[in-house]
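Novice: Supplied in C-alpha cells, the structure appears directly below.
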Amino acid sequence: MSAHADELMDYDQAVSLFDPVIGLETHVELGTNSKMFCSCPTEFGAEANTQICPVCVGLPGSMPVVNAVAVESTIRMGLALNCDIASWCRFARKNYFYPDMPKDYQISQYDEPLCTDGYLDVIVPTDDGPQVFRIEIERVHMEEDTGKLTHSGGDTGRIHGADYSLVDYNRAGIPLIEIVTKPIPGTGALAPVVARAYVAELRNLMRSLGVSNVRMEEGSLRCDVNVSLAKPGEPWGTRSETKNVNSLRSVERAVHSEIERQSALLTSGGRVIQETRHFHEDTGRSTSGRSKEQAEDYRYFPEPDLVPVAPSLEWIEQLRASLPEAPAAKRARLQESWGITDFEMQTLVNTDALDVIEETVAAGVEQSAARKWWMGEFARSAKEQGIELSQLRVRPADIVRVEALIGEGALTDKMARQVFEGVLAGEGDVDSVIAQRGLVVVSDDTSLLAAIDEALAAQPDVAEKIASGKVQAAGAIVGAVMKATQGQADAAKVRALLLEKLGVSE
Amino acid sequence: MGDLMGHDLTRQSASTLADAISQGEVSAEEVTKAHLERIAEVDPRVHAFLYVDSDDALAAAKGVDAKRARGDRLGALAGVPLALKDILTMKGVPTTCGSKILEGWRPPYDSHVVERLRTSDIVILGKTNMDEFAMGSSTEHSAYGPTRNPWDLERIPGGSGGGSSAAIAAFEAPLAIGTDTGGSIRQPAAVTGTVGVKPTYGGVSRYGLVALASSLDQAGPCARNVLDTALLHAAIAGHDPRDSTSINAAVPDVVGAALNGDVRGMRIGLVRELSGAGYQAGVEQRFREAVELLEGLGAEVIEVSCPHFEYALGAYYLILPSEASSNLARFDGMRYGLRAGDDGSHSVEEVMAITREAGFGPEVKRRIMLGTYALSSGYYDAYYGQAQKIRTLITRDFDAAFTQVDVLISPTAPTTAFKIGEKVDDPIAMYLNDVATIPVNLAGNAAMSLPIGLAPEDGLPVGLQIIAPPMTDDRLYRVGSAVESALVDKWGQLLIEEAPAL
C-alpha cells in the first residue's frame, strides 16, 4: 500500500522508449428486468435491500435459476463481436470470502465461456486520418454482480480503517457480462486513445443491441485495464491491472499514467510487479493494491446447482439473423446521408448524440436542425446536469413540434429556446410550456404599430434619419420594439411595418 | 382396519391414520396430540427432535379437521404427523442443520418439500436431529448431542438423518423426511429397522434443502412400512422450476407399485463388490436369506460385477468435501446465525474466521479443509478431476449392470448399529459405513433400505438395499413391497414391532 506518489516519465519520451501492450476486461450490467438467478427486479436507485430474496441474498437452501434473457443477450453480444458461441458450457463457482458476496462465492464462468474468439474494429483519428485497429476478443461470459459496500468512518473510504460498513444487496445477482480482450500490441503512442475508443465502441454496440443502457455514472460499465511495456523487439513485460476504471476518460487516463509510471520504473532500474492497482478519478493516477504474486486461489469448479447452458444451433442462427445494423456501418450510412464530415461525425459520436439525432431525424426533423438542437442547447444542459442526452426530458417528438411551430411562424428561434428551457426544466410538454409561459408571437399589427410609435417617440433623432432614407438606422427601432414585446414579435414584420409607416423602402 | 378406539394411535401406520381421519373415526388433532405426548414421554431419552412445534402442529391438525367438517376432499396423508429433518427450511421455524453456526436462524421461506407437505395437509411436528450439516453416519456429530437408537439407547441411530429414523422407530411420528447425500436416509433406516428411500437425483426439489454437496443431495421419505413410504414419496416428488436439477417428467407410480408387490419374472442383480470383507456375519446371513426369499417369490437373482465401486468411497470423499467447502462458505457471521469476535477489535476477515472457528464442529472443519485442498490450484486435476472420472466409471458400471437386471441389491450397511462413541474418533471407520450406499449417490440412482431381520449375534436390525435406474423409483416399491409382505407373513408383524418398549 504505497501512499507516496510514483515517479512518472514524460509520456512522449515513454512511448519513444517502450511499446505498450494493453488489455481490457470490461464488466457490463445487462438491462434485463430481473436478476441473473432469481426474479428480483434490477431497477437502479431503489432503497437499500428492498430488491432481494432468499436466492440473491444466498440464504441457506436457496438455489439459482438461469435468466434466459441474460443468456440470449450474451449470445447476441458474442455474435455482434464475431465470436464463436459454445454449443455447451457451464457456470463455475469462484470462491472467495468478502462481505459483499452473499454466498462467499460468485457464480461466473471459468474455462467454459459462452462466447470465444471474436474481434471488434475501432477507429481512432490520427494526424494521418482515421486509423482502424482490430481488437481481438478472447471471451465473453456471464456472471452475477456482488452487493455494494459503503464504508463509514476512517478517511480512506475503503473497508480497511472504516468504523463500520453497510451492505446493499440490491445489486447482488444483477446479470453481468464480462468481455475480455486478448493482449493488444502495436498501438504505440495511441494506446490510451485506442483503449478509450474500444470501450466507447463496446458501449455503442451494447446500446444498439439493446442488451444494456450502459449508464456509466451508475456503475453499469466497469473496466479493468491491463498495461505492460516492452522495449521494441523484446518480449512483453510484466503487466499491472488497474481495477474499476469507470468512465471513458478514466480509461484513457489510466493507460496514459500507467505507461508513464512503468517507464519511469523500468528506466530507473526497477521492475514492474504483477499487481492490481486502484485508479483515482481526482488525480488521474493509480496506487498499488494487492500483489498478484500472493493472489487468492479462487478454487473454481463447475456450479453443481445449475445444468449446462446448451444453446441450439437453430437458436444461435436465429439470433444472428436478427442482429441490428452494427454501429460502424450505421455511422458510415448516416454520414453519407447527412453529408457531414469525418470530424462532424466524430463530434456527434463523442457527444453520444448520434442515436438521439437519428431518432429525431426519423421522427421528421431536418437533420441540420436535429443536430443544431442536440449539439447545442441540449448537450450543454446534459453536461451541466452531468447526465446523458438520452436522459434529458426532451424527446424527439418535442423537437418535431417546435420545428413545426417555427415553420408556421408561431414561434421565433429565440422563443423556441425558451420553450425547450421549460421542457428541460420539467414544466411540461411543448404546448403546455408555451401556454404557461405565454410564448405567443406578437403579430397583431395594432399592438406592433403602437410599440413602433412609442419607440419612434423615444428616439426622434433616429426617426428623422430613417425618414430621410437612412434605412440602416431602422435596426435601433426594431431592437427597441423587440425589447418592448419581450422578443415575441417577428423582427422582419416589425421592420416592414416601420418602413411602411415612414414611407421609405429598402 | 376398523375402529381405532382403544388403540394406541402412535402405533398405527400413516395410511391407517389417514383413513381413520378421513372417515371421522379419529380427529387429526387427537392424532397429533397422541404423538406430541409420545414425544414428551420418550424424546428426553431418544433425543430425535431438536425442535417441537406443538402450537403450529396442533393448528395444522385442527385445519385438517375443519376441512373435513366442511366436506373438502382430503389428501392421502391428510392429518398424519411427520418429523422433518432440520436441514429443510420451514418459514419462521428454527433451522440449525445440527450446527451452532445456525443457532437461532429462522428462515423466511418454506422449502419445496415443506410446501408440498403443507399442500398435502401433513402435520409437521418439528425438526429432527442430524449430524452437523449432514456430515456423519451416527448423529454423534450434531452440535446438540447425539440421538439414540430406540432398539438400544447405547447405540447410534445412523446418520446423518438419525433423528428422523429414530423418531419413526420410537413411534414419535409415523412419517419423516430425510436427506441422503451418501446414505443418510438408507443407513439410518437400516440400523433402526425402518424403511427409507433416496429418490432418483432430481426427483424431489432441493429448493430449501440446505446444501451439503449439491450434486449428491436428495431429500426422500422415511416410514415404518413400504406403502407409507410410497405415499410420502408421491407427496413430495415432482418438478420444481426453482431447482434447475429437478427432473421435468412424470413421477413414477410409486404408490401403485407399493400396492402391487410382485417380483415374479424380475431379474435382480447381486452386486459382488458389496459383500465380503468388512461385512458383519449376521448382516451377510440375513442378506443371503433375503436373496433366497426373492428367489422363492419368483425373481431370478444373478451376480453382477461393478468393478469401479472399489473407488467410490475415495471419489466421494473428494467430491463431497469440495462442494461442501463452497456451499458452507456463506456461514461467515455476516448475515444470519452465529457471529463471534465482533467486539470492535477485529477486522471483517477476522470476524469471519473467528465465527467459523467457533461455529463449526470438527467433522465439518475436516471436510472443509479436505475440499479446499482438493479444489486448490495445482491439485484440482489430481483430486477433483480424477474423482469426477471415477464418478463417470461408476455410472457406467450401473448402466452395464442394468442392461442385465431390473434392480440391484446389497446389504444397506456393512454392520448393525454400533455403540455411541465407538467410531467417532476414527473418521475412516465412520466413512466405511456408507460403502454400499455411496455409489448410488454418485450415479444419481434411486434406492431403498428395507428391514430384513435381526442379526443373530446382536439382535439388531439389518437392512436390504434395493437400487433402481434413474426415474424407475417404482421398481424399489414393487420389490420392497413383495419382500415386506413375505416377511410379515413369516413374522406375523413388521420387524419394528419387535423393538423393545422404551
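Every number in this text was worked out from the coordinates using simple rules, so none of it is lab data. This structure is a prediction, so every number in the text was calculated from the model and none was measured. Positions of Cβ are generated from backbone atoms using ideal geometry, with glycine treated the same way; all protein chains shown enter the neighbour counts.
Novice: Cross-link candidates for A:Lys414: which lysines have Cα within less than 16 Å, leaving aside residues fewer than 8 places away along the same chain?
Specialist: Within the straight-line cut-off, A:Lys414 pairs with A:Lys372, A:Lys483, A:Lys493.
Novice: Here is a follow-up. Would you please name the GluC sites (Glu not before Pro) within the range A:23-117 that are DSSP coil residues with at most 14 other C-beta atoms within 10 Å of their C-beta?
Specialist: Listed in order of number, the matching sites are A:Glu43, A:Glu47.
Novice: In whole Hz and in residue order, list the ³J(HN,Hα) couplings for the range A:219-230 that follow from phi through the Karplus curve 6.51 cos²θ - 1.76 cosθ + 1.60, θ = phi - 60°; x for Gly and Pro.
Specialist: x, 7, 10, 9, 10, 10, 10, 9, 9, 9, 10, 9
Novice: Which entries of A:Lys243/A:Lys330; A:Lys470/A:Lys501; A:Lys103/B:Lys423; B:Lys127/B:Lys423; B:Lys33/B:Lys85; A:Lys330/A:Lys383 have Cα-Cα distances beyond 22 Å here?
Specialist: In this structure, A:Lys243/A:Lys330; A:Lys103/B:Lys423; B:Lys127/B:Lys423; A:Lys330/A:Lys383 lie more than 22 Å apart at Cα.
Novice: Right, something else. Using a 10 Å cut-off around each Cβ, can you sort B:Asp434, B:Asp426, A:Asp121 from fewest to most neighbouring Cβ atoms?
Specialist: B:Asp426, A:Asp121, B:Asp434
Novice: Which ³J(HN,Hα) values in Hz, rounded to whole numbers, follow from the phi angles of the range A:391-408 under the Karplus curve 6.51 cos²θ - 1.76 cosθ + 1.60, where θ = phi - 60° and Gly and Pro get x?
Specialist: These are the phi-based 3J(HN,Hα) values: 8, 5, 6, 7, 10, x, 4, 5, 5, 4, 5, 5, 4, 5, 5, 4, x, 6 Hz.
Novice: Additional query: Any idea which of A:Ile137, A:Val167, B:Val254 is furthest toward the positive side of the dipole for the protein assembly as shown, if Lys and Arg beta-carbons carry +1 and Asp and Glu beta-carbons -1?
Specialist: B:Val254
Novice: Stokes-Einstein diffusion coefficient for the range B:8-117 at 37 °C in a medium of 0.692 mPa s, Rh from the Kirkwood formula over Cα pairs: what value in µm²/s?
Specialist: Diffusion coefficient, whole number: 219 µm²/s.
Novice: Could you size up the charge dipole of the range A:352-495 around its Cα centre, putting +1 on the beta carbon of Lys and Arg and -1 on that of Asp and Glu, and report it in debye to the nearest 20?
Specialist: My answer is approximately 420 debye.
Novice: Residues with beta-carbon under 13 Å from that of B:Leu494, excluding B:Leu494: net charge, scoring Lys, Arg +1 and Asp, Glu -1?
Specialist: Neighbourhood net charge equals -2.
Novice: Separate question: State the Cα centre-to-centre distance between the range B:88-136 and the range B:37-64 in whole Å.
Specialist: 14
Novice: Ok, one more. What does the helix-only formula give at 222 nm for chain A: each DSSP H stretch with n ≥ 4 adding -39500 (n - 2.57), the total divided by the residues, and the result rounded to the nearest 500 deg cm²/dmol?
Specialist: -11500 deg cm²/dmol
Novice: Here is a further query. Given Cα pairs under 8 Å that are at least 6 residues apart, what percent is the relative contact order of the range B:1-71?
Specialist: Here the relative contact order equals 33 percent.
Novice: How big is D for the range B:223-327, in µm² s⁻¹ as a whole number, if Stokes-Einstein is applied with the Kirkwood radius of its Cα pairs at 20 °C and 1.002 mPa s?
Specialist: Rounded, D is 122 µm²/s.
Novice: Something else: Going by C-beta contacts inside 10 Å, put A:Leu389, B:Leu408, B:Leu502 in order with the fewest on the left.
Specialist: Ordered by Cβ neighbours within 10 Å, fewest first: B:Leu502, A:Leu389, B:Leu408.
Novice: If you average 1/r over every pair of different alpha-carbon atoms in chain A and take one over that average, what Kirkwood value in Å do you get?
Specialist: After inverting the mean inverse Cα-Cα distance, the result is 26.8 Å.
Novice: Would you mind working out the magnitude of the charge dipole of the range A:334-437 relative to its Cα centre, with +1 at each Lys and Arg C-beta and -1 at each Asp and Glu C-beta, to the nearest 20 Debye?
Specialist: Dipole magnitude for the range A:334-437 comes out near 360 debye.
Novice: Specify, per residue and in Å³, the volume enclosed by the convex hull of the alpha carbon atoms belonging to the range B:291-333.
Specialist: It comes to 126 Å³ per residue, whole-number rounded.
Novice: Let me check I've understood the local charge: for B:Ala143, count other residues with C-beta under 13 angstrom from its C-beta, Lys and Arg +1, Asp and Glu -1. What total comes out?
Specialist: Here the charged neighbours net out to -4.
Novice: Okay, next question. Excluding B:Val251 itself, what net charge comes from residues whose Cβ is under 14 Å from its Cβ, given Lys and Arg +1 and Asp and Glu -1?
Specialist: -2
Novice: Right, next: Give the aspartates and glutamates reachable from A:Lys35 as a straight Cα distance under 13 Å; neighbours fewer than 8 places away on the same chain don't count.
Specialist: Straight-distance partners of A:Lys35: A:Glu43, A:Glu143, A:Glu144, A:Asp145.
Novice: Could you list log10 I(q)/I(0) for the range B:375-426 at q = 0.13, 0.25, 0.31, 0.32 Å⁻¹, which the Debye formula gives when each Cα is one point scatterer?
Specialist: Cα-only, vacuum Debye calculation for the range B:375-426: -0.67, -0.88, -1.12, -1.15.
Novice: Provide the per-residue ³J(HN,Hα) series for the range A:273-285, in order, calculated from phi with Karplus coefficients 6.51, -1.76, 1.60 and θ = phi - 60°, each as a whole number of Hz, with x at glycine and proline positions.
Specialist: Working through the residues one at a time gives 9, 6, 8, 9, 10, 9, 8, 10, 4, 5, 9, x, 10 Hz.
Novice: Loop only per DSSP, at most 11 neighbouring Cβ atoms within 10 Å: give me the trypsin sites (Lys or Arg not before Pro) in the range B:309-400, ordered by residue number.
Specialist: none
Novice: Along each of the three principal axes of the Cα atoms of the range A:195-283, give the extent in whole Å, ordering the values from largest to smallest.
Specialist: Cα spread of the range A:195-283 along its principal axes, largest to smallest: 48, 30, 17 Å.
Novice: Okay, moving on. Between the range A:106-131 and the range B:270-312, how far is it from one alpha carbon centroid to the other, in angstrom?
Specialist: Here the two parts' Cα centres lie 60 Å apart.
Novice: Here's another thing I want to ask about it. Diagonalise the Cα gyration tensor of the protein assembly as shown and give the resulting equivalent ellipsoid semi-axes, square root of 5 times each eigenvalue, largest first, whole Å.
Specialist: After diagonalising the Cα gyration tensor, the semi-axes are 73, 34, 25 Å.
Novice: While we're here: Please order A:Leu120, A:Leu229 by the number of other Cβ within 10 Å, starting at the fewest.
Specialist: By the 10 Å Cβ count, ascending: A:Leu120, A:Leu229.
Novice: What is the Cα convex hull volume of chain B when expressed per residue in Å³?
Specialist: 139
Novice: Straight-line reach only, C-alpha to C-alpha below 13 angstrom: list the aspartates and glutamates that B:Lys67 could link to, leaving out same-chain residues fewer than 8 apart.
Specialist: Once the sequence-local aspartates and glutamates are set aside, what remains near B:Lys67 is B:Glu29, B:Asp121.
Novice: Let me ask something else about it. Compute the orientation-averaged projected area for the range A:334-437 from the convex hull of its Cα atoms and round it to one decimal in nm².
Specialist: Its Cα hull, projected and averaged over all orientations, spans 6.3 nm².
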